[in-house]
Amino acid sequence: MSEKSYIVQLKDTTDVNKVKSDLEASGVKIGHVYDTVFKGFSVTLPENSVSTLDAHPEVQHYEADKEMHTTKKD
């Protein structure tokens, strides 16, 4: 079974450590924690387990992690 990485944004009032514990108990691997621009973290989980994110009431948004590029505009 292949795994996929996601960036997860939590609701502003969320206790990040509680959600991390909840998801880790479900087999989700937590990566980088984001706490400057938004509350959240990167996660890795089997592709067929994304419903774990859908089901958590404190998850506001998530999307597949992908490489991003920026360009300089003159």
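Where a number appears in this text, it was derived from the coordinates with a stated rule and is not lab data. Computed from a prediction, not measured in an experiment: that's the story for all the values here. Glycine gets a Cβ as well: all are built from the backbone with ideal geometry, and neighbour counts include every protein chain shown.
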Lysines near LYS18 by alpha-carbon distance under 18 Å, same-chain residues fewer than 8 away left out - which ones?
-> LYS29, LYS39
What is the order of LYS66, LYS20, LYS29, fewest Cβ neighbours within 10 Å to most?
-> LYS66, LYS29, LYS20
At R0 = 25 Å, FRET efficiency that the Cβ-Cβ distance of SER21 and ASP65 yields, to 0.05 | 0.70
Under a 5 Å amide H to amide H cut-off, with H placed in plane at 1.01 Å, what residues pair with TYR34 once short-range neighbours are removed?
-> GLY40, PHE41, SER42
How would you order 6-14, 32-40 from highest to lowest mean count of nearby Cβ atoms within 10 Å?
-> 6-14, 32-40
Relative contact order in percent for the chain (Cα pairs under 8 Å, 6+ apart) equals 44
